[in-house]
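Student: Sharing a structure here in structure tokens format.
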Amino acid sequence: MAGMAIDVSILYLVKAQLVNRRGRRRSRSRRSLSRGADMLAEGKCSSDGQAYFNANFPNGHLLTKNKNFTADVDESQSKMRTVNVQASVDAPLYSCEILR
């Protein structure tokens, strides 16, 4: 039971940090996107946001693996852009390793 509690606590911490970093990255992308009015600005938006996310959630942070991050800029309506951000990582489960 104690191992399960530790695993759940770590997963909660990883999720909270990932959501926090993803939100900051989205804000950074929006800020970058507001500076330009063309497709080049959309590319800069994605690269700025990716660099910001990598700086704030580096590889191996909290012993995570397989960091996956995507950002898409959608301009389906006239003069309106939407930034969609998705992030995921694989977090370790310690109690499962002990039980093996």
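Student: Express in nm, to one decimal, how much length is gained between residue 24 and residue 93 on full extension, taking 0.36 nm for each residue of separation and deducting their alpha carbon distance.
Tutor: Computed gain between residue 24 and residue 93 is 22.2 nm.
Student: Right, next: Quick check: residue separation of residue 75 and residue 59 times 0.36 nm, minus the Cα distance between them. What number comes out in nm?
Tutor: Extra length available between residue 75 and residue 59 comes to 2.7 nm.
Every read-out reported here was derived from the displayed coordinates using simple, explicitly stated rules and does not represent laboratory data. Please read all numbers here as calculations on a predicted model, not as lab measurements.
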